[in-house]
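The values are calculated or read from the model by the stated rules, or taken from the named source; none is laboratory data. No experiment lies behind these values; they were computed from the predicted model shown. Reconstructed Cβ throughout: ideal geometry from the backbone, glycine too, with neighbour counts over all protein chains shown.
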Amino acid sequence: MKPANDAAPGRGEPELPKFFYRLSPQAQRCYLKSDAIATFELKPSPSALALVEALLQALESGALATINQTAQALTDELCRLLGVTAVSVEVRGVRPHNQRGELHGIFYPRARPPKIILWMRTARRHNIVKPKTFVRTLLHELGHYLDYALLKLGDSYHSSGFFKRESFLVRVLYPSLAERPPTEPGR
């Protein structure tokens with residue numbers, strides 16, 4: 001695990017969100033610990049990379065059952081590589097939405113087993129979500145799980161370190177993404 005260095009220009013300390021100061025002292029310590037971790041030890045297996053490709057292909061097909069099985073298999077493999085108990089993944093159809101926007105994914109840490117729910121279609125047009133967006137959402141929600149299971153943070157905040165860890169997962173698992181042809185419009 002490597003600590004992050006997010007010092008604001010001209011200052012010695014990182015800039016913290018306003019809500020940080022309303023957190024309890026214990027929650028503040030958790031947030032700062034999360035903020036200080038930018039990556040973790042992960043060398044993707046050939047199986048993990050193949051499952052990312054399989055998930056991208058499954059998304060192009062639009063087959064919900066295949067997408068769900070492949071997302072679960074990828075998550076299982078990543079959990080195995082990181083030495084944590086697998087988390088349950090459920091992929092659903094159309095994203096729920098309200099005035100604030102669409103819900104892409106959600107993590108339930110207190111479910112037994114902990115559960116990630118993702119949606120594969122946009123709320124308004126019901127288009128299949130762009131593959132990179134879907135995989136990033138999966139890795140985002142997996143990142144919340146890893147905050148509990150791997151990093152033992154006690155809670156999972158959207159700290160700068162959290163987003164660095166999410167980006168790290170995407171970079172490690174997408175080595176060939178830049179070489180992929182653009183997705184069709186409307187996908």
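Checking each residue in the range 91-142 for being under 20 Å from Glu53 (Cα atoms), under 11 Å from the mean Cα position of the chain (by Cα) and of a type outside the set (A, V, I, L, M) picks out Thr133, Phe134, Arg136, Thr137, His140, Glu141. Within the range 69-118, if we keep just the residues that are among the polar types (S, T, N, Q) and farther than 15 Å from Val129 by Cβ, the residue that is surrounded by the fewest Cβ atoms within 10 Å (Cβ to Cβ) turns out to be Gln99. Here Arg92 fulfils each of the conditions (1) at pLDDT 95 or above; (2) out of contact with any Phe, Trp or Tyr (no Cβ under 6 Å at 6 or more places or on another chain); (3) under 21 Å from Ile117 (Cβ atoms); (4) not polar (S, T, N, Q) apart from (2).
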